[in-house]
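Data block below; observations after.
The values are calculated or read from the model by the stated rules, or taken from the named source; none is laboratory data. Because the structure is predicted, anything quoted here is derived from the model rather than measured. Here the Cβ positions follow ideal geometry from the backbone for every residue, glycine too, while neighbour counts run over all protein chains shown.
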Ligand SMILES: [Zn+2]
């Protein structure tokens, strides 16, 4: 019971808290317009241009915080609020995604490791519902051992994701100031938004690691 609280419940609470943080910081800083009135799309374009990237298109997509960089299509997808918005939050998110495009161009090692892990991680994600279902009849068909492997894969994937995300945010913060898109005072809004987003990745890693350790303990007890 205690182990369940420490390894499963506490990380879940941490994850919920991180989600609340990212939404409240984003809500706060998306109300503060930058003095330069540059949109997220313009900022992403400027950041990529400075890095010598010309073959990546910037598109606007539906949803909130659905922003991402697609290395296969070489497309930087920004949610409408961040594409057209001039807020400090919009600039931060847009420059962060541009940071991923720069990592791609420079063949940044953790990004390559992360891409290599995607196929096996997808398989693990597809097996996950079966393990949760099987969990109702614990150790039925060796579900506990399968859970150990699945959460190990997820934890490794999320561990490799951390440097990718932290590096993209560090690049975003620096380049926005270097290009004078935001001043030092405004950088605070950018930093708070991106740091809150980074927290959700840390929480996701801790959750997978917690599940892995919990099921590892169960598997050892059953042997
Ligand atoms: Zn990212």
Among the listed residues 194, 209, which satisfies the condition of being crowded, with 18+ Cβ neighbours inside 10 Å, out of contact with any strand residue (DSSP E or B) (no Cβ under 8 Å at 6 or more places or on another chain) and under 21 Å from residue 45 (Cβ atoms)? 194
Criterion: exposed (fewer than 13 other Cβ atoms within 10 Å of the Cβ) and either over 19 Å from residue 212 (Cβ atoms) or away from the ligand (no atom under 16 Å from the Cβ) (or both) - qualifying residue of 166, 133: 133
Can you name the number of the only condition in (1) in contact with a helix residue (DSSP H, G or I) (Cβ under 8 Å, 6 or more places away or on another chain); (2) over 30 Å from residue 210 (Cβ atoms) that residue 7 fails? (2)
When the residues of segment 169-190 are filtered to those that are out of contact with any helix residue (DSSP H, G or I) (no Cβ under 6 Å at 6 or more places or on another chain) and not in a helix (DSSP H, G or I), which remaining residue is surrounded by the most Cβ atoms within 10 Å (Cβ to Cβ)? 183
Only one of these is at negative phi, buried (at least 16 other Cβ atoms within 10 Å of the Cβ) and at pLDDT below 95: 144, 160, 72. Name it. 144
Scanning segment 87-118 residue by residue, those more than 11 Å from the ligand (Cβ to nearest atom) and under 30 Å from residue 150 (Cβ atoms) turn out to be 104, 107, 108, 109, 110, 112, 113, 115, 116, 117, 118
In segment 56-65, how many residues are surrounded by fewer than 14 Cβ atoms within 10 Å (Cβ to Cβ) and outside any strand (DSSP E or B)? 3
Kindly list the number of the only condition in (1) buried (at least 20 other Cβ atoms within 10 Å of the Cβ); (2) within 16 Å of the ligand (Cβ to nearest atom) that fails for residue 154. (2)
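Okay, residues lined up against (1) under 27 Å from residue 118 (Cα atoms); (2) within 16 Å of the ligand (Cβ to nearest atom); (3) surrounded by 14 or more Cβ atoms within 10 Å (Cβ to Cβ); (4) in contact (Cβ under 8 Å) with a residue 24 or more places away in the chain:
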| site | (1), (2), (3), (4) |
| --- | --- |
| 34 | no, no, yes, yes |
| 43 | no, yes, yes, yes |
| 54 | yes, no, no, no |
| 78 | yes, yes, yes, yes |
| 82 | yes, yes, yes, yes |
| 85 | no, no, yes, yes |
Considering segment 97-130 alone, what residues qualify as being in contact with a strand residue (DSSP E or B) (Cβ under 9 Å, 6 or more places away or on another chain) and surrounded by 19 or more Cβ atoms within 10 Å (Cβ to Cβ)? 97, 98, 99, 100, 101, 103
Against the definition (within 30 Å of residue 8 (Cα to Cα) and at pLDDT 95 or above), how does residue 117 come out, yes or no? yes
Evaluate the following for residue 19: is it within 16 Å of the ligand (Cβ to nearest atom), closer than 30 Å to residue 214 by Cα and either within 21 Å of the chain's Cα centre (by Cα) or buried (at least 20 other Cβ atoms within 10 Å of the Cβ) (or both)? yes
